[in-house]
1. Which residues, taken from the range 173-187, are farther than 23 Å from Leu116 by Cβ and crowded, with 21+ Cβ neighbours inside 10 Å?
2. Could you check, for the range 230-251, whether at least one of its residues is away from the ligand (no atom under 16 Å from the Cβ), assigned to a helix (DSSP H, G or I) and hydroxyl-bearing (Ser, Thr, Tyr)?
3. Identify all residues within the range 43-70 that are within 25 Å of Lys213 (Cα to Cα) and either open to solvent by 80 Å² or more (accessible area, probe 1.4 Å) or in the same structural domain as Ile222 (by TED's automatic domain parsing) (or both); write none if there are none.
4. Tell me, which helices (runs of 4 or more DSSP H) wholly within the range 276-395 include 1 or more residues that are crowded, with 19+ Cβ neighbours inside 10 Å and either in contact (Cβ under 8 Å) with a residue 40 or more places away in the chain or among the hydroxyl-bearing types (Ser, Thr, Tyr) (or both)?
5. Which members of the range 151-199 meet the condition of being of a type in the set (S, T, N, Q) and within 12 Å of the ligand (Cβ to nearest atom)?
6. Condition test on Lys84, is it touching a residue at least 40 places away in the same chain (Cβ under 8 Å), open to solvent by 30 Å² or more (accessible area, probe 1.4 Å) and within 22 Å of Gly264 (Cβ to Cβ)?
7. If you scan the range 137-150, which residues turn out to be crowded, with 18+ Cβ neighbours inside 10 Å and within 16 Å of the ligand (Cβ to nearest atom)?
8. Specify which of the listed residues (Thr302, Thr282) is farther than 25 Å from Gly382 by Cα, more than 20 Å from the chain's Cα centre (by Cα) and of a type in the set (Ser, Thr, Tyr).
Amino acid sequence: MLKFDFTTYVNNFINDNDYNSLIAKKEEVLDKFNHSNMIGWTKEISEELKNDLKDTANYIRNNYDCLVVIGIGGSFLGSYAFDKMFRKYFNDSKFEIIYAGTTLSSKYLDELLEYLNDKNFCLNVISKSGSTMETNITYKVLKDLLKRKYPEDLNKRIIVTTDKDKGPLREEVNEKGYKSFEIPDDIGGRYSFITPAHLLPLSINYDLDEIVKGYYKGKRLIDEAYQYAVVRHCLFKQGKYVENYCVYEENMSYFTEWLKQLFGETEGKNGLGIYPTSTVHTRDLHSLGQFIQDGNKIIFETFIKVENSSNYVEYNGRELNEINNLVLDSVMRAHFSGKVPCLEIKLDKLNIINITSLMYFFMLSAAFSGYLFGIEPFDQPGVEIYKKEVRESLK
Ligand code: PA5
């Protein structure tokens, strides 16, 4: 179950006129949203696709020791963030998945090649455009290793997730006959959690039906998502240009990376937007905590609180998660007293249903926020500029 508090540690910072006029725009914003041709992520996925994903996940689990997922940005962050949250910190026994493709570090790739030498592995290369440099370089290097190790069944070891009809990866699939999945035209990278880009790697270790069920439960949160967008926008109007996402579980740190991409790429256009950043507590209270409490007053925060833990550690007759949450409550009060507005989202438990509902909530809210800023929420022209520059200099 999810609960939202966008008032207790916020109110003094919001201008009532701003708030009321933005709330009054709700129908207009929803209308723009519903008429967008990039909201394929709100549509139900088919049983046929779910079965294909489950069969392919079984095939990978039954035939290999390890899957290497190659992708970057929206083609990796959703499943990576999810996977990180639900693995054990130590002695994790889930099927091994390595996420590569996010770096051009020679050290990383060289050491990955050495590691994979002794592994019976397969690849899932994920790119909607099929032309992303980091993905392509990693794919080429790892495919060369596969060719050397397994010349006889190379084609079975490559699974491609890309555009339905176009791009270099689709052309390669058509030529070689690799198993492939589609990223639909009406879904952009950061909104693609409900596509095979994320669902295939996740189906290997998690219950796909539960992921899908939780995700669509997020549809009920439309009012809360709109209110979150409005409150953030009001804070922006008061000079709060930075939103800090605070988590109290180290394994949620990549969830905040996913949030940063979602909001950063959606809102950061035309000189507008709220800059998303994150801290993991209590660790960062001993570093960035100083700036947040006492520094430049451009920050507001969104705390993600997990009310109950499934692990039990006792300290002086109290449960450690209770202490962790007591710290969270105290930090909100302290930061609020330092003129930092604090919003709160509570999960009764860290489980698949809550997290996938929350992802849908954030996607809705990011899109609504784009419309409140008067910008197109579903493109990312800024990212394309750097990609073009790199292509030019590599010629
Ligand atoms: O959100 C986006 O569109 C980007 O972050 C892309 O997902 C990222 O650049 C990777 O693109 P592609 O899937 O085309 O390789």
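1. Ile183, Ile187
2. No, the range 230-251 has no match at all.
3. Passing the criteria: Lys43, Glu44, Glu47, Glu48, Asp55, Arg61.
4. It comes to 289-294, 320-337, 352-373.
5. The answer is Thr161, Thr162, Ser192, Thr195.
6. yes
7. Those that are crowded, with 18+ Cβ neighbours inside 10 Å and within 16 Å of the ligand (Cβ to nearest atom): Thr138, Tyr139, Leu142.
8. Going through Thr302, Thr282 in turn, the sole match is Thr282.
The values are calculated or read from the model by the stated rules, or taken from the named source; none is laboratory data. The model shown is predicted, which means the values in this text are computed figures rather than measured ones. Cβ atoms come from the backbone with ideal geometry, glycine included; neighbour counts cover every protein chain shown. Note: accessible area is taken over every heavy atom of the protein model, side chains too, but ligands, DNA and RNA are not part of it. Shrake-Rupley method; radii C 1.70, N 1.55, O 1.52, S 1.80 Å.
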